[in-house]
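Novice: If you scroll down you'll find the structure; I have some questions about it.
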Amino acid sequence: MPITLGDIPQQPRDEAFALTADFKADNHPNKVSLSAGVYRDGDSKPWVLSSVREAKRILHETTDLDHEYLPIQGLDSFLDAAKDLILGKEAAATANAVSLQTISGTGANHVGAAFLGQKLQPKNVFISDPTWSNHHLVWTVGAPNVTQRKYPYYDFSNHTLDFDGMMSTLEAEAEENDVVILHACSHNPTGADPSREQWQSLARLFKQKKLFAFFDSAYQGFATGDVEADGWAVRHFQQTLFGECSAEENPSSAPPGMCIAQSFAKNFGLYGERVGAFHLILPRQTQADGAKSELLRLVRAEISNPPLFGARIVQTVLSDAKLRAMWENDLRVMSSRITKMRSLLRQAIEEDPNSGDWSRLESQIGMFTFTGLSENQVLRLREVHHIYLMNNGRISLSGVNEGNVKYIAEAFNEVSRQ
Ligand SMILES: Cc1ncc(COP(=O)(O)O)c(C=O)c1O
């Protein structure tokens, strides 16, 4: 029997995008969106960063800018700035790295999965449990030959990172060349990150077992307001695994490589412009040309070459000292509002003496918190209170503001009593 397209079973709607659409369609005056991973200001409005506004003004006034195709790898000056930002200037200059511009962080995750699936051919990719809602799909589509495994990440009863579970699983089950996805900072969805000491133990394990670290960096600067602090784990891994390899000392004892999927959606507020980069770091410089040629082939087949406008904005901001300082201030504006909302929401919830301990709101970091609310409670929040969050209980703190925090807290307490 020939296959007919009419027989394709219908896939479920993507949860994150479906919630955004349902929220838009809801006419209730008190509705609140805590689902979308996008920054909102104190009036729940999208915010264009002042540094981005200024960069756009400069670009607008630069009359000789054309709209020609970029090379396949993207805008070189943007890629240099992106690599400096994530690795630090010094390491960026010496690392054996190949960098490509991508369709935001998702595109970088996809290019990485497709490339590694074809060329490294790991037996397994280990993904944190829980994780960003798209990681599994990206690997299913991009690298169907690689088995997806979950590593424990979150202690659901104590609302903390399950570091022992994570370490012992990787120690016992991961094999040489296996890929492990790590969230560089602001783990999505839990908001629980390893401490620096814990990152150090992980880096030692990756080196000893020759595992491939795949860093997903979607929130650099957004978590703490400090790009150096938020880039620390990536930089520590690069130094521990490959620092000495830049001098070609003993590359054969190093893991097969590491990579970074870098998004500029959140930290520049450039969600719809789709600005990102993929950086592959290899033990030997001599390996870079072959790997780069394969990555370029992949990109050529999929998008030919990446879009220009957003990359120009990021490059303009990062290459100008005044604009960069402005941007770093923008990061502090966003991250400090989120931190403040964490405290306000905790206080408002705990005003009810039966609410229990919500200290996790303040100990977790970045845009998201795992509330621990059950799926039934999440559904009740949506149906009765018109508050939208992911079914797994994840909330984005950016949807909280001084005007709605009491309403949200009372609703959380109400559904917790059910
Ligand atoms: C962990 C993580 N990775 C990657 C992304 C990709 O985002 P984008 O494709 O918009 O850059 C996100 C966005 O929410 C994320 O949370």
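None of the figures in this text is laboratory data; all of them are computed from the coordinates on show. Note that this is a predicted model, so its numbers are computed, not measured. Heads up, the Cβs are rebuilt from the backbone with ideal geometry, glycines too, and the neighbour counts pull from every protein chain shown.
Novice: Hey, what does the equivalent ellipsoid look like for segment 257-400, semi-axes from the Cα gyration tensor as sqrt of 5 times each eigenvalue, largest first, whole Å?
Specialist: 39, 20, 16
Novice: Which Rg and Dmax, in Å, describe the Cα atoms of segment 76-319?
Specialist: Rg and Dmax of segment 76-319, Cα atoms, are 16.6, 48 Å.
Novice: What does the highest-first list of 51-58, 282-289 look like by mean Cβ count within 10 Å?
Specialist: In descending order of packing, they fall as 51-58, 282-289.
Novice: With r as the distance between the Cβ atoms of Asp7 and Gln239 and R0 = 60 Å, compute the FRET efficiency 1/(1 + (r/R0)^6) and round to 0.05.
Specialist: Computed FRET efficiency for Gln239 and Asp7 comes out at 0.70.
Novice: How big is the gap, in Å, between the Cα center of segment 13-31 and the Cα center of segment 274-304?
Specialist: Each part reduced to its Cα centre gives a spacing of 38 Å.
Novice: Rank-order 398-408, 194-204 by packing density, defined as the average count of other C-beta atoms within 10 Å over each peptide's residues, highest first.
Specialist: 398-408, 194-204
Novice: Let me ask something additional. Given the alpha-carbon gyration tensor of segment 34-180, what are the semi-axes of its equivalent ellipsoid in whole angstrom, ordered largest first, with each equal to the square root of 5 times an eigenvalue?
Specialist: Ellipsoid half-lengths, sorted descending, are 34, 23, 16 Å.
Novice: Between 0 and 90 degrees, rounded to the nearest ten: what's the tilt of helix 232-242 against the longest Cα principal axis of the chain?
Specialist: That helix lies at roughly 30 degrees to the long axis.
Novice: Hey, another quick one. Evaluated at 37 °C with a viscosity of 0.692 mPa s, what Stokes-Einstein diffusion coefficient in µm²/s does the chain have when Rh comes from the Kirkwood expression over alpha-carbon pairs?
Specialist: Answer from the Stokes-Einstein relation: 146 µm²/s.
Novice: Then there is this: Subtract the Cα-Cα distance of His60 and Ser319 from 0.36 nm times their separation in residues, and report this length gain in nm to one decimal.
Specialist: 91.5 nm
Novice: A further question follows. Checking the cross-link filter: which lysines have an alpha carbon closer than 30 Å to that of Lys207, excluding same-chain neighbours under 8 positions apart?
Specialist: List returned: Lys83, Lys89, Lys119, Lys123, Lys150, Lys292.
Novice: Put a dot 7 Å past each Cα toward the Cβ at Asp22 and Arg297; how far apart are the dots in nm?
Specialist: 4.4 nm
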